[in-house]
Amino acid sequence: MARRAGAWWAFLSVDAEPVAKRRGVGDALPMSENRGPKAPRVRVVCATCGAVLRPLDPRCPNCPSALPRTEYAERRFVTQDRGDIFRFAGWLPSAATTATPIGPTVFRSERLAGVLGMADLSVAFSGYAPEIGARNATGTFKDFEALPTLLYLREHGCDRVVLASAGNTARAFAYAGTTLGFTTTLVVPETAASSVWMPIPPSDSVRLIVLVDSGDYAAAIRLAGLMTERYGLHSEGGARNVARRDGMGTAVLEYARVQQRLPRHYVQAVGSGTGGIAAWEAGMRLRASGFDGPLPQLHLAQNVPFTPIHDAWTSRRPIEPDRNVAGQLERIAAISAPVLANRTPPYDVGGGVRDALEATAGHTYAVTNAEIRGAQRLFEACEGVPIGPESGAALAALGQGVARSWIRPADPILLHVTGNGDALLKRDFVLHPVPVWRRVSATDDSAALRDLDRAFAP
Ligand SMILES: [Zn+2]
């Protein structure tokens, strides 16, 4: 359950009757309505003990590994009269918004649901397919993370950010950095460099650093961490970034807005698992606002043979980081959905993936490359738009869940198609590769930093 109001809420004069019952869900309401003058719009708290944390360095002194989480003064589900992600600005951490095509799209499936024998299947389509209303500029739900993050950082006086990525996150932040003119440094392994492109010309504010001859996302994370202190850059924060998670959670909010209820099941493929955490948090927020029913049950898919979250959950053991790295990288090279490769997911931390699975009585899945290909073909044949391999993994997991009777075919289901590749973007736009700014060693951090010292020298 969501943390209930503490003394902090005493500042509010909001009546507790939820918008879902008192007004139509989705009616616009001025953000200032019924708010006392002293209430902060949003605060960041520790997911484990509830302590109030600093917005940009949210580590709890009592429980340093626990994730931070937002709490909004506006507990009612209030939406703005606009069609993009900032429709949900009330539950995004930056007060500022910007004009953008990016936003969640949810539709009721007819053909795919019919083929699968499901009565109540909805799809959150977080890619690019304007024919079904999806206009995410870089083709994945990472677009939901980037704009809210940069706006939130700017609001707190930060104007330079660094982040590591396996590819699609870098793309989303390159686009957001260009549209907002925000100095954005991206660190990616060489295997991911060719996937960093965008549908508008990149600006000089975006700096792409490539780790030579590397496919290791963890090495990119390590170097980005070293760069933050050395060059005074702000770390984007990964799973600890509340703006990212609240941005991702808008897919669940859109389902609730359109259908005025919660899904019984939420199905997504995961690498870090933060999408699953975000869905759990959105579900808690919606329930606290007055939506009935249990929290959506999480169904999280990973790609065989690299399934650390699935292995940890099914064996009831913690994830052991950095044991046999070579073996891990070998297995990562064998999966068809590389964006699902995260060797250090926030699993055993307060408010992390395990807590999300426990709170929702969730399940995890291991799906094969062959299952993914079959699911991708099925989706495109039924719904008329291609989906990426990670989205195929989610659909394959849905099939497994039904086969195991974890999901009843009549239940309300939300399948999250988190990305659909670049085919439709290529059809509609010239895709501009983000030029490489520096190439540095993946294995010798000292050498990499010597090279970067020259680049960052004033
Ligand atoms: Zn704490």
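So the values come out like this:
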read-out	value
Shape category assigned to the range 305-399 from the gyration tensor of Cα positions, a/c cut at 1.5	oblate
Distant-in-sequence amide H partners of Asn303 (H built 1.01 Å from N, under 5 Å)	Val367
Whether the chain is rounded, prolate or oblate, judged on the alpha carbon gyration tensor where a/c under 1.5 counts as rounded	rounded
Relative contact order for the range 100-158, counting Cα pairs under 8 Å that sit 6 or more residues apart, in percent	31
³J(HN,Hα), Karplus 6.51/-1.76/1.60, whole Hz, each residue of the range 89-100, x for Gly, Pro	4, x, 10, 10, x, 8, 6, 6, 10, 8, 6, 7
Relative contact order for the range 353-441, counting Cα pairs under 8 Å that sit 6 or more residues apart, in percent	23
In sequence order, calculated HN-Hα J values of the range 291-303 (Karplus, 6.51, -1.76, 1.60; Hz; x Gly/Pro)	6, 8, x, x, 4, x, 6, 7, 10, 10, 9, 10, 10
Burial order of peptide ranges 344-352, 48-56 (average beta-carbon count within 10 Å, highest first)	344-352, 48-56
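The numbers here are math on the coordinates, done by the rules we state, and not lab data. On a predicted model such as this, the values are computed, not experimentally measured, just so you know. Cβ coordinates were reconstructed from backbone atoms using ideal geometry, including for glycine residues, and neighbour counts include every protein chain displayed.
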